[in-house]
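K.L.:
Could you have a look at this structure, given as structure tokens, before my questions?
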Amino acid sequence: MNNLVILISLIMLSAQATEYDKVSVEVSAENISGGSYYVLGMSGAATEFEGFISNSGFIVTSDGVVVFDALGSPSLANAMLSEIRKVTDKDIKLVIVSHYHADHIYGLQVFKEQGAKIWAPQGVRVYIDSELSENMLDSRRESLFPWVNDDTYIVEPDRIIEKDFEFSLGNHQFLISYFGKVHSDGDMSLLNITDKTLYSGDIIFEGRIPFVGDADIIEWAKTIEMVSRMPVTYFIPGHGRASDEPKQTMDLTHRYLNFLLDNFRPVVEDMKEFDEAYDSIDWSEFETEVAFDKANRKNAFAVYLYLEQNTD
């Protein structure tokens with residue numbers, strides 16, 4: 001009788017489990033070092049490849065799993081959860097969110113359902129409480145349906161991080177570096193000290209043109225300089241392939257941001273029109289990079305406006 005009760009309970013729990021539409025893109029986890037893994041997104045614009053255009057990762061410790069970022073839909077996160085379960089059946093204890101942009105947070109609800117605590121950087125409330133977040137989710141419910149739908153929601157963080165600090169879980173030691181407003185309204189990275197592996201979030205884009213948006217581009221460029229001095233062996237960017245050559249992985253983002261700053265500072269100082277200035281710049285160094293056609297002009301205009309507002 002007791003066995004029958006247990007069986008019925010398990011069936012009921014299974015029936016109550018949230019079901020997510022499967023994605024057709026391949027979501028697979030790659031071991032980087034020790035207990036550190038990452039999931040490599042594809043190089044493309046926001047809604048390409050069923051929204052699978054950013055990276056995520058996880059670290060398996062002796063006392064549970066730490067996840068870094070949650071991908072761009074619950075369906076993608078659910079596929080990632082399946083990858084985690086191929087490696088370990090340990091509880092997922094934490095999700096460290098590098099920043100609140102759609103391609104990194106729409107999968108959070110999957111890990112929240114697993115009982116994970118969500119840690120996010122100071123500044124995310126600016127995004128959560130904005131019309132942009134509501135409009136973006138509505139837009140994605142159309143462009144990424146059925147993987148993002150009416151059941152998709154923005155998960156509130158359980159803890160807000162506003163300074164650097166170390167913590168441990170099981171046999172692993174970690175460092176969270178809080179950057180403030182850089183690429184987004186609030187950014188941070190996760191260093192797995194034990195495995196010497198850094199998960200950078202969108203501080204770094206590898207293999208494609210970065211998304212600038214309303215970034216503080218001067219602080220972003222400074223932050224890359226700081227990150228380049230961190231003692232790491234393995235580096236996992238927010239977009240693009242991981243490597244054991246951190247400085248090489250950072251190179252495209254670093255060069256691109258400084259190129260924008262160097263070219264548009266004199267334009268703003270001389271009060272030139274944007275269109276004329278843009279057309280006069282030699283973009284050949286970057287025009288073959290993925291997402292150049294879709295992102296570059298928008299990025300350049302964002303930097304132009306930023307410098308207008310931040311130049312004496």
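Each reported figure results from applying straightforward, stated rules to the coordinates on display, with no laboratory input. Owing to the predicted nature of the structure, the values given are computational and were not obtained by experimental measurement. Using ideal geometry, Cβ is built from the backbone for each residue, glycine included, and neighbour counts are taken over all protein chains shown.
K.L.:
Out of all the residues in region 159-185, which are more than 23 Å from Asp103 (Cα to Cα) and among the acidic types (Asp, Glu)?
P.N.:
Step one: of region 159-185, the residues more than 23 Å from Asp103 (Cα to Cα) are 163-175.
Hits for region 159-185 are Asp164, Glu166.
K.L.:
Let me ask something else about it. Within region 194-204, does at least one residue satisfy the condition of being surrounded by fewer than 18 Cβ atoms within 10 Å (Cβ to Cβ) and of a type in the set (S, T, N, Q)?
P.N.:
no
K.L.:
Checking the structure you have, find out if any residue of region 279-298 is among the hydrophobic types (A, V, I, L, M, F, W, C), surrounded by 13 or more Cβ atoms within 10 Å (Cβ to Cβ) and assigned to a helix (DSSP H, G or I).
P.N.:
The answer is yes, given that some residue of region 279-298 is among the hydrophobic types (A, V, I, L, M, F, W, C), surrounded by 13 or more Cβ atoms within 10 Å (Cβ to Cβ) and assigned to a helix (DSSP H, G or I).
K.L.:
Filter region 80-109 for residues that are of a type in the set (Gly, Ala, Ser) and buried (at least 24 other Cβ atoms within 10 Å of the Cβ) and give the result. Walk me through it before giving the result.
P.N.:
Of all residues in region 80-109, those of a type in the set (Gly, Ala, Ser) come to 82, 98, 102, 107.
Answer for region 80-109, where residues must be of a type in the set (Gly, Ala, Ser) and buried (at least 24 other Cβ atoms within 10 Å of the Cβ): Ser98, Gly107.
K.L.:
Let me ask another. Test of understanding: among Val232, Val267, Val212, which residue is part of a loop (DSSP other than H, G, I, E, B), surrounded by 18 or more Cβ atoms within 10 Å (Cβ to Cβ) and out of contact with any strand residue (DSSP E or B) (no Cβ under 8 Å at 6 or more places or on another chain)?
P.N.:
Val212
K.L.:
Show the residue pairs that are 6+ apart or on different chains and have beta-carbon atoms under 6 Å apart, the first residue being within region 292-309 and touching a residue at least 60 places away in the same chain (Cβ under 8 Å), the second being assigned to a helix (DSSP H, G or I) and of a type outside the set (A, V, I, L, M).
P.N.:
Pairs that qualify, where the first residue is touching a residue at least 60 places away in the same chain (Cβ under 8 Å) and the partner is assigned to a helix (DSSP H, G or I) and of a type outside the set (A, V, I, L, M), are Val303/Phe264.
K.L.:
Scan region 110-118 and give yes if some residue there is surrounded by 23 or more Cβ atoms within 10 Å (Cβ to Cβ) and either without any contact (Cβ under 8 Å) to a residue 24 or more places away in the chain or out of contact with any strand residue (DSSP E or B) (no Cβ under 8 Å at 6 or more places or on another chain) (or both), otherwise no.
P.N.:
Yes, the conditions are met somewhere in region 110-118.
K.L.:
A further question follows. Would you point out the residue of region 160-193, among those that are of a type in the set (Gly, Ala, Ser) and part of a strand (DSSP E or B), that is surrounded by the most Cβ atoms within 10 Å (Cβ to Cβ)?
P.N.:
Result: Ser189.
K.L.:
Let me ask something else about it. Give all pairs with beta carbons closer than 8 Å in which a residue from region 142-165 that is within 17 Å of Leu108 (Cα to Cα) meets a residue that is part of a loop (DSSP other than H, G, I, E, B) and of a type in the set (Val, Ile, Thr); count only pairs at least 6 apart in sequence or on separate chains.
P.N.:
Every condition considered, the pairs that remain are Leu144/Thr47; Trp147/Val23; Asp151/Thr18; Pro157/Val97.
K.L.:
Just to be sure I understand, how many residues within region 134-157 are under 18 Å from the mean Cα position of the chain (by Cα), surrounded by fewer than 20 Cβ atoms within 10 Å (Cβ to Cβ) and charged (D, E, K, R)?
P.N.:
The total comes to 1.
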